[in-house]
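The values are calculated or read from the model by the stated rules, or taken from the named source; none is laboratory data. Computed from a prediction, not measured in an experiment: that's the story for all the values here. Note: accessible area is taken over every heavy atom of the protein model, side chains too, but ligands, DNA and RNA are not part of it. Shrake-Rupley method; radii C 1.70, N 1.55, O 1.52, S 1.80 Å.
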Amino acid sequence: MAPSTPFVVALFRVSSASMDEQSMLQMPVMDKNVATDTSECWCPGYFEEECTANQDKGCEWHPHDGSNAPWCGCNEEVWGSLTRPIFTGGNPAPAPAPAPAPAPAPPVHPNPQAPAASCPSGWVQKGDIGADIGGCGLQSCGDRYDITSEAACAARCDSNLACVGFSFAPMNGDRNHPGVTACTIYNSDTPAGIWTGTEGIPTQVMCGRETPRATLRLSGGSATRGRLEFLHNGQWGTVCDDLFDMNDAEVACRQLGFLRATDSIQNFGGGSGQIWMDNLQCSGTEADLQSCPGNALGSHNCGHHEDVGVACTNLPADANLRLQGGTDNRGRLEIFHDGQWGSVCDDYFDMNDAHVACRQMGFGSATESIQHFGGGSGPIWLDNVGCSGTEADIRDCSNAGAFGTHNCGHHEDVGIACA
């Protein structure tokens, strides 16, 4: 029977192994950190490698014996010396609650806005800060971002005859275009809304002229006499002389800043470009030519040979001084007396006398006293004039005596230049 012994032993070992495995499978499934005995000890279940790794913390591996499967228990002696169990395997004990995170710092805006803009000298703010008309105005949209100051934006407006007002947004003041300033010029200065910058804050400013731009001028002559020209739609043009008379000239001269008109000049001519006005019929009381009856702007049947001219003055209608034989501000000095114009002799006449005469005629001051201007005729009314320079009227200055008392000839007629 000897040959059968190894066979029986082999069967026994297989059987024993099968029983051990079967016993293992019949055990309830436990988490790694389940209590495996009645003590307060917690060890990593029946996993030998974890149990062995935690021997110093009170865990002890028990191999299977009899009907018991291998298991991980607690060594009471080691366990009792510990203040708390710490395990290197399995599910760890619950971690303490994390400390609260610090409050986040306020975000730094990538495009901080510059302070609000302001209107430069000669311009006034229109509406509130942020006031806007909208669109790209009188320039292309891309041309609005090369101006970096309010004064430069105003200069751009001044260089465009059609410009009435402008808006200037400082750095990041245009929410649609961060990192730039924005200058937009318009043919209006009336805001239509509010615009904000990159941070939602309004900082741009809308500006209009403190004194409206002139729409009338004299050309082709002097400061007080010339061809009448009118500005419309950003372009200067002329005024036709059809039906134009002294009533129209009076309105035009007052609009130009003079006291009154002295002449309406037919066929002054010499203009170019548009003829803006025709058949004007002012009553003489209107504030400007635009308020007078006439054809619609640009509607006419004229040529430029019919461009009208006017002569204007700041002298009152009863003025008793005038300049002759030169220009509007330089010429022979003449005085009106006893219903007749006459000249002034240059004896002792100097800049003090010239200043009084120029101020009397509405100028600011004299620039020249001209000896032997000459060329007059008729009476020589004054001689040896001696003003201190503070008098309001040349007749208040000392002189040779009564009007007409003199020892001069007309080659000694004095002249002056005024500014």
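A few remarks follow.
- With N counted as the residues of the range 189-265, its alpha-carbon radius of gyration over 2.2 N^0.38 Å works out to 1.69.
- Heavy-atom surface analysis with a 1.4 Å probe gives the range 113-272 a carbon and sulfur content of 49 percent of its accessible area.
- Taking amide H as placed 1.01 Å from N in the peptide plane, the amide H of Gly331 sits under 5 Å from that of Ile416, each at least 5 places away or on another chain.
- Kirkwood hydrodynamic radius computed over the range 223-267 comes to 11.2 Å, based on all pairs of distinct alpha carbons.
- Arg213 accessible area, 1.4 Å probe, all protein chains in place, Å² to nearest 10: 60 Å²
- A convex hull fitted to the Cα coordinates of the range 302-407 yields 133 cubic angstrom per residue.
- Heavy-atom accessible surface of the range 270-419, averaged per residue, reaches 45 Å², computed with a 1.4 Å probe.
- The range 367-375 - phi-based ³J(HN,Hα) in whole Hz, Karplus 6.51/-1.76/1.60, Gly and Pro as x: 10, 7, 10, 10, 6, 6, 4, x, x
- Leu256 - accessible surface, heavy atoms, 1.4 Å probe, Å² rounded to 10: 40 Å²
- Rh by Kirkwood over Cα pairs, then Stokes-Einstein D for the range 270-362 at 0.890 mPa s and 25 °C, µm²/s: 145 µm²/s
- Distance between the C-alpha centres of the range 296-343 and the range 163-198: 46 Å, rounded to the whole angstrom.
- Carbon + sulfur, % of accessible area of the range 273-419 - ligands and nucleic acids excluded, 1.4 Å: 46 percent
- Per residue, the convex hull volume that the Cα atoms of the range 121-232 enclose (Å³): 106 Å³
- If you sort Tyr186, Tyr145, Tyr348 by accessible surface, 1.4 Å probe, largest first, the order is Tyr348, Tyr145, Tyr186.
- For Met171, solvent-accessible area (1.4 Å; no DNA, RNA or ligand), Å²: 80 Å²
- For the range 296-419, DSSP calls about 90 percent of its internal beta bridges antiparallel.
- Normalised by residue count, the range 159-198 yields a Cα convex hull volume of 66 Å³ per residue.
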